[in-house]
2 protein chains.
Amino acid sequence: MRTVNTITAVRRLVEFQRDKGKVISLVPTMGYLHQGHLSLVSIARRRSDYVVVSLYVNPTQFGPHEDLAQYPRDLDRDLELLRHAETDLVFHPSDHEMYPLDHHTVVRVTMLSQVLCGRSRPHHFEGVTTIVMKLLNIVEPDIAVFGEKDFQQAVIIKRMVRDLHCRVKILTGKTIREKDGLAMSSRNTYLSPGERKNAPILYQMLQWAKKRFAAGMRSSDRVLTTMAKKIQAKGGLIDYAVAVDPDTLQRVTILKKGTLIALAVNFGKTRLIDNITL
Amino acid sequence: MRTVNTITAVRRLVEFQRDKGKVISLVPTMGYLHQGHLSLVSIARRRSDYVVVSLYVNPTQFGPHEDLAQYPRDLDRDLELLRHAETDLVFHPSDHEMYPLDHHTVVRVTMLSQVLCGRSRPHHFEGVTTIVMKLLNIVEPDIAVFGEKDFQQAVIIKRMVRDLHCRVKILTGKTIREKDGLAMSSRNTYLSPGERKNAPILYQMLQWAKKRFAAGMRSSDRVLTTMAKKIQAKGGLIDYAVAVDPDTLQRVTILKKGTLIALAVNFGKTRLIDNITL
């Protein structure tokens, strides 16, 4: 496994592999890796010959009052995990390398970026699409892998790739969970012991919704109202609890197969998201 | 020369050439071609093996009260000119091909897009950078050629390409002029005979500014004030008359070698732009 900090170095190493006819994959991460990330690396490993993982806490996807400074980092541990996951190349650039002072270009997917998480994090997805576009153009991978926990992010990136005719194929990996069902997230470390104990209610209610749907329930209102109530009872402050079309992210009133139930809930200062597909 | 309407067809034809090791070039145009466009095709011809020209009146770079509907079009004449210019491939897509109804992605270069032409045409450059990014990703050319008459556009595209790490090399071609100095533009056809007679004052004053600079004048204010006065005397309504740094497009008060003097002037309903580098 090689670790490099510069765009030039990544390009040189990847180009060497591409010239040999290798299939290149990219797994963009912000580091502080958990089993969720590693499952994406494992998909990349199976589907390509040369796996590139980027470790970069992208400042442009954090709002001014968000947790950029506190975002957890542990480079040595990340590198150790990636070595075990048979990563070929780690790209770990500085802010200066990615955003020189006169960097002024942004990529934005309107509409899809304004709903759900985009309402409480107005510039978040613009930061995501901009850094992903940059990484895609630097690495020029054949495939790139994203997690389904960040469902809206995956939908937005797929739309960007389609609209801008990027050559990459976007794959997604299933949400990986703790034993009690909590979706793995680097931000779970922020939770107090009490909050951590209550947080699995998100997945419990998503599973409950899926069961109710299987039992014939079709009213999103009725399902969501109950979900919200039970989550609030565990101390969660609902940002949103919605049933949406998985492509347009527009709300639906009638549940059907494929409908996405998505949650964003604050436990104390920690914002958790999770989702399930009916 | 082949002419195609679909993204799939362009990609297939270009890929075939790329696989043969050919250097690919792209000249994006909105059609209604004049010698200015053809000079860019000629640069592309000299610098590459396979010349792609796009003919597409891009709706997203027109404001709601601008001249999209009236923009002049003459496909047969354009194709004839491109055939004579030894173009290999013409891409002439429909709006539906470029912007399906659920197309929601935009590329924007902030700062540089807000000054000069961006002040009176607030969404213009976002439309330009979005369509150029799309065309670059569709054709994946080694070089792309733009005209220096649209100086701000060229600066913005170069910045986008740098910021988003696009592989293409951007070349620019000198402004081509009528015998009396008027910069060639598809929009010149809008001018009434009287306006057409007065329009060369733009280039006359740009040349005058260059001469004054050569003679030792360094105050941008003094040069610009005289220029504006003379242009107004010919019936031109000044949108801007500025001296700017050619990379940042920020105004300068002291003229120096490399400073860009740029003009945007309305003659009746026609907005003309021109510029000169000191």
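The values are calculated or read from the model by the stated rules, or taken from the named source; none is laboratory data. The shown structure was predicted, so the numbers you read here are calculated from the model rather than taken from an experiment. Backbone-built Cβ (ideal geometry, glycine too); neighbour counts: all protein chains shown.
Quick notes on this structure:
- So B:Ile254, is it aliphatic (A, V, I, L, M) and free of Cβ contacts under 8 Å to residues at least 60 places away in the same chain: yes
- Enumeration of residues in the range A:3-17 that are within 14 Å of another protein chain (Cβ to nearest Cβ) and either touching a helix residue (DSSP H, G or I) at 6+ places or on another chain (Cβ under 9 Å) or within 13 Å of A:Val53 (Cα to Cα) (or both): A:Thr6, A:Ile7, A:Val10, A:Arg11, A:Val14
- Among the residues of the range A:43-57, not a single one is surrounded by 15 or more Cβ atoms within 10 Å (Cβ to Cβ), in contact with a Ser or Thr (Cβ under 6 Å, 6 or more places away or on another chain) and within 14 Å of another protein chain (Cβ to nearest Cβ).
- Of all residues in the range B:7-33, exactly one satisfies the criterion of being surrounded by fewer than 17 Cβ atoms within 10 Å (Cβ to Cβ) and within 24 Å of the chain's Cα centre (by Cα), namely B:Val23.
- Some residue of the range A:201-217 being under 27 Å from A:Glu66 (Cα atoms), of a type in the set (Ser, Thr, Tyr) and surrounded by 19 or more Cβ atoms within 10 Å (Cβ to Cβ): yes
- Any hit, the range A:186-198, residues being hydrophobic (A, V, I, L, M, F, W, C), on the phi < 0 side of the Ramachandran plot and assigned by TED's automatic domain parsing to the domain that holds A:Leu263: yes
- Members of the range B:233-278 that are of a type in the set (Asp, Glu) and more than 16 Å from B:Thr175 (Cα to Cα): B:Asp239, B:Asp245, B:Asp247
- Boolean, B:Leu272 is within 17 Å of B:Gln153 (Cβ to Cβ) and buried (at least 16 other Cβ atoms within 10 Å of the Cβ): yes
- Residues located in the range A:159-174, provided they are surrounded by 17 or more Cβ atoms within 10 Å (Cβ to Cβ) and out of contact with any Phe, Trp or Tyr (no Cβ under 9 Å at 6 or more places or on another chain): A:Arg159, A:Met160, A:Val161, A:Leu164, A:His165, A:Cys166, A:Val168
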